[in-house]
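K.L.:
Supplied in C-alpha cells, the structure appears directly below.
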Amino acid sequence: MARGPAATPNPTVAARDGMVLPAAGPGTGTPLAVRGLTVSYGENPAVFSVDADFPPAAMSAIVGPNGAGKSTFLKASLGVIPRLAGEVDVFGKPVEQARARIAYVPQRASVDWDFPTTVIDVVKMGLYREVGLLGRLSGARSTRAMRCLDRVGMADFAHRQIGQLSGGQQQRVFLARALAQDADLYLLDEPFAGVDAATERAIIDVLRDLKAEGRAIVAVHHDLSTVPAYFDHVFLINVRRIAEGPVATTFTPETLQATYGGRLAATHLDELAITGGA
Amino acid sequence: MAPLLDALLLQAGYNAALVAVGAALLGFAAGASGTFLFLRKRALVSDAVAHATLPGIALAFIVMVAMGGDGRSLVGLLAGSAITAWIGLLAIEAIVRHTRLAEDTAIGAVLGVFFGLGVVLLTVVQVMGSGRQAGLEGFLLGSTAGMLFQDAVIIALGGAVAVGLTWVFRRPMLLVAFDADYAAATGHDLRRIDLAMMGLVLAVTVIGLKLVGLILIVALLIIPPVTARFWTDRAMSMIWISGAMGALSGYLGAALSASAPALPTGPIIVLVAAGLFTASLLVAPGRGVLATLIRHRRFQHRVHRRQGLLALAAHHPIREGYTLRLLAREGLVRADGVATETGRAQAAKIARDERRWQVAREIHQDAGLTGRYDGLTPIEQVFTADEIAEFDRRLGPPKAVGAT
C-alpha cells in the first residue's frame, strides 16, 4: 500500500518512541515532529499516516499538488481540525502544551476582511494569549505590536480598517500578528499565495531574519520554482508522505514526479533541476 | 405630544417609568451582548434559543403548581425557561457536530420542535384550574401591564452581569468571530467560547422575556449591533455603541407605547430599533447609503476630470457629455469643447504628473509608496517637493500642451 519511499512501516511504534524519550529541556527537541498523522473527511483520508520532522533554525516547505492535504496537514498538526490518529510534538512536548511557542499564519482568504477591526488591533490579537482576558494592551505591548507592524513595512497602516488593504498587505498584517507572538516555531499556510512581488520579498526577508534568530519556519508552499531559493528543507506530500530532507538532495525531478505524478510537465521538471543544481 | 413628553420624562406614572427604565437597561444588555453574536454570524441560533424558552416556562409553571405554589413566581418561570433554552442550544450544537446537517437546518428543527412543544404545554396549563389566570401567553410578545419593581431589578442585575461578562470575554469572542482557525491554533477552545457567548445571549433572552417576549427578543439582540456597525470600524467600540442603540430603542419604545393606550411595548421597541437602523443605514458616514453615494459621485467626478484633461493634453476629442459638462463648469473648456487657458495649463500639469508617476514607480519600487498611485491622488500628497524635483530632473524640461 505505502508507495512513498520513506513511509514508516509502523507509525504507532515510532510515535510511542517519540513520547518515551526523556523530556528535553526547553529550546531543545525537534521544532515539529509528526508521527502517523491521519485526517479523514468520511472514509477518504485527506492525510494518511504521515510522519515528518522539521529541523530547527531552518526554513521548511510543505510541497504537493492541489488537494494533497498540505493545509490539512498543517491545521491538523495544530489541532485546528481534528486528527483521526497521530501524535504531534513541538520541541519535545505534545502540541497542546507548547502553544506559547507556536505562531500560526492562516491563509488570508480564511477570514472576512470586512470585519470591524483595524490593522493594529489584528496585530494585538497575537498578544491575547500572553495578556489573558483583562491584561493591558496599551503601553509597552502596544509599542511591541507597532514594532512588529514596522517589521513588515506596514507601520503607516496601523489605524486603517482592514477592509482597505490589498491582498499583499493583508498577508503582511497576518505575519505581523504572528511576530507579536514571539514564537519559536512559525507555521504559515500559503504565505505567498496571490501577493505582489514586493510583499513576497518583504515576507521572505522577515522569515530569513527569524531563521537567523534560531527559529524554525514551516510553510505550505505552492510555487515550485522558488523552493530552492527560499527553503532549506522540503517535505513532499500527496496524502501520504513522499519524501523529506534537505532541498539540495530531496527536491529532485524523481521525488517531484513521485509527488505530482503525470501532472508536472517534463520541461518544468528540467527547469527545476537546473535551478536546484545551481 | 404631551403624553409622549410625559412618558419620555418618566412623568407618565409609576408603571410607565418602571417599564421605560427596565426597557432601556434590557436594550443596553441585549445590544452589548448581541455584538459578538452578530460578528460570529449566529443571530438565528439565538432565535431558536429564544423559542426554546417556551416549554420551560410552561413546565416550570406546572411543576410549581404541583408543588403547591401558585406557579406565577417570575424567578421560577425564568429558571425553567433558561433550562429548556440551554437544552435547545445543546441540541443545535449536537446536530451540527454529529450529523451532516448544516446549522440552519438544526436551527429550524430545534426552533420548531421546542416552540411546538411549548404551545402544547401552554394548552395543558390553560386547562389546569389555576392556569387560566397565569398569563403565560404574555411571554410570547411581552407584557408590561403588571410589571413590578422586582422585575426591573431582575433586568438590571441580569443585564449588568451580561454586559460585564461580555466585556470580560471580549477578546476571545472577538478572536473566534474574526479568525476561528487562528483562535484554535493559539489554544482557544472554540466550543467553550461559543457556548459562553450563547450563554450570555440566553441570559439576556431570559431576562427580556417578560418585557419584549420570546418571539421578538432576537430583534433586540441583532438590530442594535447591525446599527452600531454603521458608526464604527472597531469591534470593541461596537459593544458600547450597540448597547447605547439598544438602550435608546428600549427607552423611546417604552415611552411611545406608554403615550397612547393599547400600544404593545415589545413590538414598538423593536420598531424603534428598526427606525434607528434605517436612519443609520441612510446617513451614517463611511458605510451609510448617502455617504457611499456621495463618495461614488466624487470618485466618478475625479475619474472623468482626469480623463478629460488627459484627452485635452493629447488633443483627443472629448465626446462624453458628463466629462464636457464637468470641464465646462470648472471653466476648463468652452461650450464648444475647446480648451481654455486654464484648461490647457491643467491638462499640461496632469500629463506631466502622469510622467512623474512613471518615474516614481521606477525609483520607488516599494509598493508602500507607489501602491498609492491611482492617477487620482495628486502627486504632491504622496511625495515631497524635493522628490518631485528629482522626478522632473529625470524627465527633462516640460513640454507645453499644443506645442508639437
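K.L.:
I want the local charge near A:Ala33. Using Cβ-Cβ distances under 9 Å, sum +1 for each Lys or Arg and -1 for each Asp or Glu among the other residues.
P.N.:
Details: positive: A:Arg35; negative: A:Asp51, A:Asp53, A:Glu87, A:Asp89.
Neighbourhood net charge equals -3.
K.L.:
Which of the lysines could be linked to B:Lys349 by a straight reach, that is with a Cα gap under 28 Å, when you skip same-chain ones fewer than 8 residues away?
P.N.:
B:Lys399
K.L.:
As a test question: what accessible area, to the nearest 10 Å², does B:Glu320 have when a 1.4 Å probe is rolled over all protein chains in place?
P.N.:
Estimated to the nearest 10 Å², B:Glu320 gives 100 Å².
K.L.:
Quick one: if you stick a label point 7 Å off each Cα along the C-beta vector at B:Arg319 and B:Ala262, how many nm between them?
P.N.:
6.7 nm
K.L.:
Rounded to the nearest 20 debye, what is the charge dipole size of the protein assembly as shown about its Cα centre when +1 sits on each Lys and Arg Cβ and -1 on each Asp and Glu Cβ?
P.N.:
Details: 62 positive and 55 negative charges, 224 e Å.
That gives the protein assembly as shown a dipole magnitude of about 1080 debye.
K.L.:
Continuing with the same structure: Ranked highest first by average number of other Cβ atoms within 10 Å, how do B:232-241, B:172-181 line up?
P.N.:
Numbers: B:232-241: 20.0, B:172-181: 22.9.
The packing order, highest mean first, is B:172-181, B:232-241.
K.L.:
On to the next question. Excluding same-chain residues fewer than 8 positions from A:Lys75, which lysines have a Cα within less than 29 Å of its Cα?
P.N.:
The reachable lysines, counting only those whose Cα sits under 29 Å from A:Lys75, are A:Lys93, A:Lys124, A:Lys211, B:Lys41.
K.L.:
Which of the listed residues, B:Leu8, B:Leu78, B:Leu175, is farthest toward the dipole's positive end in chain B, when Lys, Arg count +1 and Asp, Glu count -1 at the beta-carbon?
P.N.:
Farthest towards the positive end: B:Leu175.
K.L.:
Find, among the trypsin sites (Lys or Arg not before Pro) in the range A:128-230, those assigned to loop by DSSP (not H, G, I, E, B) with at most 14 other beta-carbon atoms within 10 angstrom. Could you put the intermediate results ahead of the total?
P.N.:
Working: sites: A:Arg129, A:Arg136, A:Arg141, A:Arg144, A:Arg147, A:Arg151, A:Arg160, A:Arg172, A:Arg177, A:Arg201, A:Arg208, A:Lys211, A:Arg215; in loops: A:Arg136, A:Arg160, A:Arg215.
Passing sites in the range A:128-230 are A:Arg136.
K.L.:
Right, here's the next one. For B:Glu380 and B:Ala2, FRET efficiency with R0 = 60 Å and r from the beta-carbon atoms, rounded to 0.05?
P.N.:
E(calc), rounded to 0.05, equals 0.50.
K.L.:
Under the Karplus relation 6.51 cos²θ - 1.76 cosθ + 1.60, θ = phi - 60°, what is the ordered set of whole-Hz ³J(HN,Hα) values for the range B:142-159, x standing for Gly and Pro?
P.N.:
x, 8, 10, 3, x, 5, 9, 4, 4, 5, 5, 5, 4, 5, 4, 5, x, x
K.L.:
Could you give me the ³J(HN,Hα) list for the range A:42-47, computed from phi with Karplus coefficients 6.51, -1.76, 1.60 and θ = phi - 60°, whole Hz, x at Gly and Pro?
P.N.:
x, 8, 9, x, 8, 9
K.L.:
Under the rule of at least 5 residues apart or a separate chain, name every residue whose amide H is placed under 5 Å from the amide H of A:Val47.
P.N.:
A:Val39
K.L.:
Starting from the Cα gyration tensor of the range A:11-277, multiply each eigenvalue by 5, take the square root, and state the resulting semi-axes largest first in whole Å. All intermediate terms of the calculation are to be shown ahead of the outcome.
P.N.:
Values: eigenvalues 181, 109, 59 Å².
Value: 30, 23, 17 Å, ordered largest first.
K.L.:
Here is a follow-up. What does the average come to when, for each residue of peptide B:171-181, you count the partner chain Cβ atoms lying within 10 Å of its Cβ? Working shown, then result.
P.N.:
Numbers: counts 11, 4, 0, 6, 3, 0, 5, 10, 11, 4, 11.
Across B:171-181, the average partner-chain Cβ count within 10 Å equals 6.
K.L.:
How large is ³J(HN,Hα) for each residue in the range B:267-272, as worked out from phi by the Karplus curve 6.51 cos²θ - 1.76 cosθ + 1.60 (θ = phi - 60°), to whole Hz, x for Gly and Pro?
P.N.:
After applying 6.51 cos²θ - 1.76 cosθ + 1.60, I find x, 5, 4, 5, 5, 4 Hz.
K.L.:
So, one more: With springs connecting C-alpha atoms under 10 Å apart, model chain B as a Gaussian network and identify which of B:Phe299, B:Phe114, B:Phe36 has the largest mean-square fluctuation.
P.N.:
B:Phe299
K.L.:
With chain B treated as a Gaussian network of Cα nodes joined by springs under 10 Å, which of B:Leu327, B:Leu59, B:Leu216 yields the largest mean-square fluctuation?
P.N.:
B:Leu327
K.L.:
On average over all directions, what projected area in square nanometres does the range B:2-264 have, based on the convex hull of its Cα atoms?
P.N.:
Working: hull surface 58.9 nm².
Orientation-averaged projected area of the Cα hull: 14.7 nm².
K.L.:
Same structure, new question: Hey, got the Cα dimensions of the protein assembly as shown along the principal axes, in Å, largest first?
P.N.:
Cα spread of the protein assembly as shown along its principal axes, largest to smallest: 92, 86, 47 Å.
K.L.:
Grab the DSSP H runs of chain B that are 4 residues or longer, score each as -39,500 (n - 2.57), total them, divide by all residues and round the 222 nm result to the nearest 500 deg cm²/dmol.
P.N.:
-24000 deg cm²/dmol
K.L.:
How much accessible area per residue does the range B:2-264 have, counting only protein heavy atoms and a probe of 1.4 Å, in square angstrom?
P.N.:
Details: 10260 Å² over 263 residues.
Computed with neighbouring chains in place, this is 39 Å² per residue.
K.L.:
A further question on this structure: Could you tell me the distance between the Cα centroids of the range B:154-180 and the range A:171-209, to the nearest Å?
P.N.:
What the calculation gives is 32 Å, centre to centre.
K.L.:
Where does the charge balance sit around A:Lys70 when Lys and Arg score +1, Asp and Glu -1, over other residues with C-beta under 11 Å from its C-beta? Provide the component values of the computation, followed by the final result.
P.N.:
On the way: positive: A:Lys75; negative: A:Asp189, A:Glu190.
With Lys, Arg at +1 and Asp, Glu at -1, the neighbours total -1.
K.L.:
Next question. Specify the inter-centroid distance of the range B:19-70 and the range B:258-280, based on alpha-carbon positions, in whole Å.
P.N.:
Taking the Cα centre of the range B:258-280 as reference, the centre of the range B:19-70 is 19 Å away.
K.L.:
Further question on the same structure: Under a plain spin-label model, where a point goes 7 Å from the Cα along Cα-to-Cβ, how far apart in nm are A:Ala140 and B:Asp104?
P.N.:
5.0 nm
K.L.:
For A:Ala85, enumerate residues with amide H under 5 Å from its amide H, sequence gap 5+ or separate chain, H modeled in the peptide plane.
P.N.:
Those qualifying (amide H under 5 Å, at least 5 residues apart or on another chain) are A:Thr38.
K.L.:
Let me ask something else about it. Per the Kirkwood treatment, what hydrodynamic radius in Å, one decimal, follows for the range A:119-216 from the mean inverse distance over all distinct Cα pairs? Show your work: numbers first, answer last.
P.N.:
Working: mean 1/r = 0.0732 Å⁻¹.
For the range A:119-216, inverting the mean 1/r across all distinct Cα pairs yields 13.7 Å.
K.L.:
If you don't mind, another one. Among A:Ala57, A:Ala180, A:Leu137, which residue has its Cα furthest toward the positive end of the charge dipole of the range A:11-277, with +1 on Lys/Arg Cβ and -1 on Asp/Glu Cβ?
P.N.:
A:Leu137
K.L.:
If the only charges are +1 at each Lys and Arg Cβ and -1 at each Asp and Glu Cβ, what is the size of the charge dipole of the range B:2-264 around the Cα centre, to the nearest 20 debye? Each step should come with its number before you reach the end.
P.N.:
Details: 14 positive and 13 negative charges, 50 e Å.
Using only the charged Cβ atoms, the result is roughly 240 debye.
K.L.:
Enumerate by residue number the trypsin sites (Lys or Arg not before Pro) in the range B:74-146 meeting two conditions: DSSP loop (anything except H, G, I, E, B), and at most 13 other Cβ atoms within 10 Å of the site's Cβ. Could you put the intermediate results ahead of the total?
P.N.:
Details: sites: B:Arg97, B:Arg100, B:Arg132; in loops: B:Arg100, B:Arg132.
Qualifying residues, ordered by number: B:Arg100, B:Arg132.
K.L.:
Name the long-range amide H neighbours of A:Leu32: under 5 Å, sequence gap of 5 or more, or other chain; modelled H, no Pro or chain starts.
P.N.:
Hits under the 5 Å cutoff: A:Phe54, A:Phe91.
K.L.:
Okay, next question. If you roll a 1.4 angstrom probe over the protein chains with everything in place, what fraction of the accessible area of the range B:30-94 belongs to carbon and sulfur, to the nearest %?
P.N.:
74 percent
K.L.:
What net charge do the residues around B:Leu141 carry, taking every other residue with its C-beta under 15 Å from that of B:Leu141, with Lys and Arg at +1 and Asp and Glu at -1?
P.N.:
Working: positive: B:Lys210; negative: B:Asp47, B:Glu137.
That works out to -1.
K.L.:
Still on this structure, please answer the following. Leaving ligands, DNA and RNA out of it, work out the accessible area of B:Ile154 with a 1.4 Å probe and give it in Å² to the nearest 10.
P.N.:
About 40 Å², rounded to the nearest 10.
K.L.:
Now for a different question. What is the mean number of Cβ atoms from other protein chains located within 10 Å of the Cβ atom of each residue in peptide A:105-118, rounded to a whole number? Display every interim value, and only then the final one.
P.N.:
Numbers: counts 2, 6, 1, 0, 0, 4, 6, 5, 1, 3, 7, 17, 10, 3.
The shielding value for this peptide is 5.
K.L.:
Relative contact order for the range A:205-256 using alpha-carbon pairs under 8 Å, separation at least 6, rounded to a whole percent?
P.N.:
Numbers: 38 pairs, mean separation 11.9, N = 52.
After rounding, I find 23 percent.
K.L.:
Follow-up. R0 = 30 Å: FRET efficiency of B:Ile363 with B:Leu310, Cβ-based, nearest 0.05? Write down the numbers at each step before the final one.
P.N.:
Values: r = 23 Å, r/R0 = 0.75.
It comes out at approximately 0.85.
K.L.:
When N counts the residues of the range A:25-84, how does its alpha-carbon radius of gyration compare numerically with 2.2 N^0.38 Å, as a ratio? Please report the intermediate quantities before stating the final value.
P.N.:
Numbers: Rg = 12.5 Å, N = 60, 2.2 N^0.38 = 10.4 Å.
Compactness ratio reported: 1.20.
K.L.:
Based on the Cα coordinates of the range B:1-142, what is the per residue volume of their convex hull in Å³?
P.N.:
Working: hull volume 20.2 nm³, N = 142.
Measuring per residue, one finds 142 Å³ for the Cα hull of the range B:1-142.
K.L.:
From the P(r) of the range B:290-395, could you give the percentage of C-alpha pairs in the tail past 15 Å?
P.N.:
Numbers: 3638 of 5565 pairs.
I get 65 percent for the Cα pairs in the range B:290-395 exceeding 15 Å.
K.L.:
What accessible surface, in Å², does a 1.4 Å probe find on A:Lys93, ignoring ligands, DNA and RNA and rounding to the nearest 10?
P.N.:
In the full protein context, A:Lys93 sits at about 100 Å².
The values are calculated or read from the model by the stated rules, or taken from the named source; none is laboratory data. Model, not experiment: these values are computed from the prediction. For neighbour counting, all protein chains shown are included, and Cβ atoms are generated from backbone atoms with ideal geometry for every residue, glycine included. SASA here: full protein model, heavy atoms, side chains in, ligands and nucleic acids out. Shrake-Rupley method; radii C 1.70, N 1.55, O 1.52, S 1.80 Å.
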